[in-house]
Amino acid sequence: MLSLNELWFVLIAVLFVGFFFLEGFDFGVGMETQILAKNDTERRVLINSIGPFWDANEVWLITGAGAMFAAFPHWYATLFSGFYIPFVFALLALIARGVAFEFRGKRDSLAWQKTWDVCIFLGSFLPPFLLAVVFASFIKGLPIDGDMQMYAGFFDIVNVYTVVAGITVVLLCLVHGLMFTTLRTVGDLQERARKMAQKLLFPLAALLLAFVVMTYYMTDVFEQRGALLLVIVILGIAAYVLSGYFMSKKRDGLAFGMTGAVMALSVVSIFVGLFPRVMISSLDQAFNLTITNAASGHYSLKVMTIVALSLLPFVLGYQIWSYFVFHKRVHEKEHLEY
């Protein structure tokens with residue numbers, strides 16, 4: 001049976017899996033407004049396709065950070081103080097993106113719309129890139145001392161390994177978003193989204209392979225959890241191959257599920273590789289933050305577990321209901337809110 005420390009580690013992992021699966025396609029669609037759309041009408045269709053969902057999807061990130069703060073305060077303190085600058089840029093990008101969704105259609109001005117369109121693109125590109133850099137840094141190791149203080153320089157955070165991780169996640173979000181677009185649009189836009197996703201499969205596969213190989217040689221996660229990670233890699237390869245197969249057969253729903261599975265398995269692999277650690281010290285293994293030394297007291301974890309399990313069904317029920325209500329495709333000729 002799981003201890004409360006282990007349970008909360010799993011819950012935080014689930015929250016980040018949910019965030020990257022759901023917000024991942026939001027980020028992808030946001031990037032598509034500059035990459036796929038040919039005119040303003042198509043941009044509006046793309047924005048409206050995620051209009052009912054994007055803000056609720058971001059709640060998964062907020063909840064994950066909140067759970068981290070409550071269950072593992074030392075992890076939260078080391079993480080957010082050490083990655084202060086990347087998190088500020090990610091937060092500003094998310095704010096600009098949300099404001100842009102609401103404001104781009106408020107004035108009939110080309111310059112006004114282009115300004116907000118740039119905000120949407122950057123706000124969809126920077127957060128997944130920066131978050132991937134942070135997560136890759138987790139498993140590569142960071143200079144953390146015995147007082148749980150992180151003293152990371154620029155190249156401790158930004159290096160070949162973390163940049164490859166960032167680019168890989170951005171491209172995975174784009175492919176995931178393109179498959180979501182095939183589910184939410186019709187006609188030429190839908191066809192172009194599917195074809196672009198198919199064209200991106202090869203470069204994405206190359207990046208994923210490069211990241212796995214670099215992870216094997218540059219981190220200790222395969223040494224710690226090799227057998228389980230091997231199973232995850234095999235499942236990821238199977239999901240990836242199936243996504244390409246379903247795209248070729250125009251089975252868009254199944255293809256979307258498979259790209260989402262690749263995203264989810266990628267996040268799961270990070271947490272599996274970390275466990276029971278939450279942050280790895282590159283200075284001394286004795287300075288690692290773990291689910292034991294970074295956790296709140298037993299009573300706090302017990303109270304939070306009761307509260308979380310009581311409220312979680314209502315939160316999940318609301319989000320499932322919203323997706324059901326707004327499941328219809330978006331057409332160019334209908335009234336577009338954004």
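The values are calculated or read from the model by the stated rules, or taken from the named source; none is laboratory data. Everything numeric in this text was worked out from a predicted model, so none of it was measured. Glycine gets a Cβ as well: all are built from the backbone with ideal geometry, and neighbour counts include every protein chain shown. The accessibility values were calculated without ligands, DNA or RNA, using every heavy atom of the protein model including side chains. Shrake-Rupley method; radii C 1.70, N 1.55, O 1.52, S 1.80 Å.
Which one, V134, F89, F121, is farthest towards the positive end of the dipole of region 71-139 when Lys and Arg carry +1 and Asp and Glu -1 on their Cβ? Looking along the dipole axis, the top candidate is F121. Lys and Arg at +1, Asp and Glu at -1: add these up for the other residues within a Cβ distance under 9 Å of E58 and post the number. That works out to -3. Taking every alpha-carbon pair under 8 Å whose residues sit at least 6 apart, the chain reaches a relative contact order of 27 percent.
If I stretch the segment between N293 and R329 completely, what's the gain in nm (0.36 nm per residue apart, minus their alpha carbon distance), one decimal?
The N293-R329 span can extend by a further 8.1 nm.
Let's test the formula: R0 of 25 Å, r as the Cβ-Cβ distance of Q34 and S322. What FRET efficiency results, to the nearest 0.05? Mind dumping the intermediate values first?
On the way: r = 27 Å, r/R0 = 1.07.
E(calc), rounded to 0.05, equals 0.40.
Within the chain, what's the longest stretch lacking GluC sites (Glu not before Pro) that sit in DSSP loops with no more than 13 other Cβ atoms inside 10 Å? Let's see the in-between values first.
Working: sites that count: E334, E337.
No qualifying site falls inside 1-333, the longest such stretch.
In degrees from 0 to 90, rounded to the nearest 10, what is the angle of the helix 110-140 Cα long axis to the longest principal axis of the chain? On a 0 to 90 degree scale, this one is about 30. Compared with the dominant principal axis of the Cα atoms in the chain, helix 252-274 is inclined by about 20°. Sites listed here are chymotrypsin sites (Phe, Trp or Tyr not before Pro) in region 79-179 whose DSSP assignment is loop and whose Cβ has at most 11 other Cβ atoms within 10 Å: Y151. Separation of region 1-62 from region 112-142 is 13 Å, based on Cα centroids.
Taking Cα atoms only, the orientation of helix 4-35 departs from the longest principal axis of the chain by about 30 degrees.
Against the criterion of solvent-accessible heavy-atom surface with a 1.4 angstrom probe, H74, H327 sort, most first, into H327, H74. For P(r) over Cα pairs in 10 Å bins from 0, in percent, computed directly from the structure shown, the correct entry in (i) 5, 17, 21, 20, 15, 9, 4, 3, 3, 2, 1, 0, 0; (ii) 5, 22, 31, 24, 11, 4, 2, 1, 0, 0; (iii) 5, 25, 33, 24, 10, 2, 0 is (iii).
If you sort D147, D117 by accessible surface, 1.4 Å probe, largest first, the order is D147, D117.
Between the listed residues M31, N5, L15, the Cα displaced farthest toward the positive end of the dipole of region 1-45, a dipole computed from Cβ unit charges relative to the Cα centre, is found at M31.
Excluding the sites themselves, what is the longest stretch of the chain that contains no trypsin sites (Lys or Arg not before Pro) in a DSSP loop with at most 12 other C-beta atoms within 10 Å? It would help to have the intermediate numbers written out before the result.
Numbers: sites that count: K38, K106, R107, K249, K250, K328, K333.
Within the chain, the longest run free of exposed trypsin sites (Lys or Arg not before Pro) spans 108-248.
Using r as the Cβ-Cβ distance of V118 and L309, and R0 as 45 Å, what FRET efficiency do you calculate, to the nearest 0.05?
On the way: r = 43 Å, r/R0 = 0.95.
Plugging the Cβ-Cβ distance into 1/(1 + (r/R0)^6) gives 0.60.
Given a 1.4 angstrom probe, I'd like the percentage of the accessible area of region 4-326 that is carbon and sulfur, rounded to a whole number. Answer for region 4-326 is 72 percent, counting heavy atoms of protein chains only.
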